[in-house]
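J.: Got a structure for you, written out below as structure tokens; questions coming shortly.
The values are calculated or read from the model by the stated rules, or taken from the named source; none is laboratory data. The model shown is predicted, which means the values in this text are computed figures rather than measured ones. Counting neighbours? That spans all protein chains shown, and the Cβs are built from the backbone with ideal geometry, glycine included.
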Amino acid sequence: MTRRAVLLAPRLAALVQELTGRPPAFGLRAYDGSHAGPDEPPTLEITSPAALRRMIWNPGELGIADAYVTGDLEVHGDLLSLLRLLHGPAAARPRRLPIGSLAGAAMLALAPRVPGPRPPVPAARARVRGRQHSRARDQAIVAHHYDLSNDFYRLLLDPAMCYSCGYWSSRDPGYTLADAQRDKLDLVCRKLGLIPGMRLLDLGCGWGSLVQHAAEHYGATVTGVTLSAQQAEYARRRIASAGLDGRAEIRLADYRDVGEGPYDAISVIEMGEHVGAAWYPRFAAQLAGLLAPGARLLIQQMSRGSRAPGGGPFIASYIAPDMHMRPLPRTLAMMQAAGLEIASVEGMREHYARTFQAWRETLDLRYAEAETLLGPQMARVWRLFLAAGGLAFERGTTGVDQIVASPRG
């Protein structure tokens, strides 16, 4: 074994220090047996030269994600703790890449077995084509994420199958994710002012949690709309099992095809992020046109700074291609321009950090089952997604808000 190979981990540690201005606060191991940094976890292990090759061909977040998803990078210890250390204070990061770092990166590229062709794209990446937000492309994106496996989502989510931010109204140790999601459903129904006989449209209804809750507990007549075939099948079964036929229905349709109204209330729970920047003004106008006079609209939607509206390369490549988030004031301005009057806004960022934590704990506890359902790569995608997503809400780089509005006048 050459001296160059033995020193791979120390070289990486030196490169990290040059990039950040401080030595790595986590351990580093390499496939050549070398190690550097603290001995206690979390530890980042480069299990294969392909990890460095992926990061050379795709510098930055995507190359690292590809390496983790394929197992060319491994994390020993808590993944979220490692991500917290990697995403240290922004002030500690240099604005320009030092010359020495470029030289160090070049030497790593020449490490044994690293030079080579571009590695294959991981099978777990989304593969979508066509014009952005065309119906066919949107359908493919929904199928990639939401038609993944009803059994997996049943494993991960609460019994009501809510795949959105919960509302944590208690710190009691016995208060669970199921309680938080029930309280979120009640919060939405109360803000909409639902009473028996009202017509509710739930766009992006998921597995039908709000549809069933609003019909069963508030006496509303509910229409749920989803573009996911598996969600629609599941939601229809649950409505039939609850004896709600005639009071609730599920449509498998594109939101752009919903034209009848008026409705007494409309809910859009974390679906507006998938509409797209160019389409959102028309989307807001469509919602305004579907509302009866004095009716209420509730949009629960994620917000983000304009520099990374899609959530970053990992989210755009593996989780939700074409997703677009924006600062909250821009969404409010588009809603107002569509003729909607804003009644209230409630920030729920901290609630989402706790929701992601609950999902992450469930996945860790039942990871072997998830891997059987999804396969090794997709299971690792979800482990990375839940850790990185939780960190985004924890750090405040991503937010989520409930907006209540009505037609002006």
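J.: Go through (1) in contact with a helix residue (DSSP H, G or I) (Cβ under 8 Å, 6 or more places away or on another chain); (2) not in a loop (DSSP other than H, G, I, E, B) one by one and return the number of the condition E341 breaks.
T.: Unmet for E341, out of (1) in contact with a helix residue (DSSP H, G or I) (Cβ under 8 Å, 6 or more places away or on another chain); (2) not in a loop (DSSP other than H, G, I, E, B): (1).
J.: Taking A265 as meeting all but one of (1) in contact (Cβ under 8 Å) with a residue 12 or more places away in the chain; (2) over 14 Å from S164 (Cα atoms); (3) not in a strand (DSSP E or B), write down the number of the exception.
T.: The single condition A265 does not satisfy is (3).
J.: Right, another one. Output yes when any residue across the stretch 122-129 is at negative phi and either touching a strand residue (DSSP E or B) at 6+ places or on another chain (Cβ under 6 Å) or among the polar types (S, T, N, Q) (or both), and no when none is.
T.: Within the stretch 122-129, not a single residue is at negative phi and either touching a strand residue (DSSP E or B) at 6+ places or on another chain (Cβ under 6 Å) or among the polar types (S, T, N, Q) (or both).
J.: Do you know which residues across the stretch 340-366 are closer than 16 Å to V268 by Cβ and either touching a residue at least 60 places away in the same chain (Cβ under 8 Å) or outside the structural domain of R154 (by TED's automatic domain parsing) (or both)?
T.: Within the stretch 340-366, L340, I342, A343, S344, M348 qualify.
J.: Let me ask something else. Would a scan of the stretch 3-12 turn up a residue that is modelled with pLDDT under 80, outside any strand (DSSP E or B) and basic (K, R)?
T.: The answer is yes, given that some residue of the stretch 3-12 is modelled with pLDDT under 80, outside any strand (DSSP E or B) and basic (K, R).
J.: With respect to G204, determine if the residue is at positive phi, in the same structural domain as A358 (by TED's automatic domain parsing) and buried (at least 20 other Cβ atoms within 10 Å of the Cβ).
T.: It is true that G204 is at positive phi, in the same structural domain as A358 (by TED's automatic domain parsing) and buried (at least 20 other Cβ atoms within 10 Å of the Cβ).
J.: For the structure I just gave you, tell me whether R330 is among the basic types (K, R), assigned to a helix (DSSP H, G or I), assigned by TED's automatic domain parsing to the domain that holds Q181 and over 30 Å from Y280 (Cα atoms).
T.: Answer is no for this residue.
J.: Where residues in the stretch 13-36 are over 30 Å from the mean Cα position of the chain (by Cα) and assigned to a strand (DSSP E or B), which of them is surrounded by the most Cβ atoms within 10 Å (Cβ to Cβ)?
T.: Out of the qualifying residues, it is A30.
J.: Among (1) surrounded by 15 or more Cβ atoms within 10 Å (Cβ to Cβ); (2) in a loop (DSSP other than H, G, I, E, B), there is one condition G259 misses while meeting the rest; what is its number?
T.: Single failed check for G259: (1).
J.: So in the stretch 386-401, with the set limited to residues that are out of contact with any Phe, Trp or Tyr (no Cβ under 6 Å at 6 or more places or on another chain) and crowded, with 21+ Cβ neighbours inside 10 Å, which one is nearest to Y153 (Cα to Cα)?
T.: It comes out as A387.
J.: Please go through the stretch 150-175 and give me each residue that is part of a loop (DSSP other than H, G, I, E, B) and exposed (fewer than 15 other Cβ atoms within 10 Å of the Cβ), ordered by number.
T.: P159, S170, R171, D172, P173, G174, Y175 - these are the residues of the stretch 150-175 that are part of a loop (DSSP other than H, G, I, E, B) and exposed (fewer than 15 other Cβ atoms within 10 Å of the Cβ).
J.: Ok, one more. With respect to Y153, is the statement that it is touching a Leu at 6+ places or on another chain (Cβ under 9 Å) and in contact (Cβ under 8 Å) with a residue 24 or more places away in the chain true?
T.: no
J.: Okay, next question. Residues to consider are G276, G204, G259; find the one that is within 23 Å of the chain's Cα centre (by Cα), farther than 20 Å from E341 by Cα and at pLDDT below 95.
T.: Among G276, G204, G259, only G276 is within 23 Å of the chain's Cα centre (by Cα), farther than 20 Å from E341 by Cα and at pLDDT below 95.
J.: Follow-up question, since we're still on this one. Given the criteria at pLDDT 95 or above, under 19 Å from the mean Cα position of the chain (by Cα) and outside the structural domain of W279 (by TED's automatic domain parsing), does R154 qualify?
T.: no
J.: Of the conditions (1) under 13 Å from L203 (Cα atoms); (2) surrounded by fewer than 21 Cβ atoms within 10 Å (Cβ to Cβ), A265 satisfies every one except a single condition; which number is it?
T.: Condition (2) is where A265 drops out.
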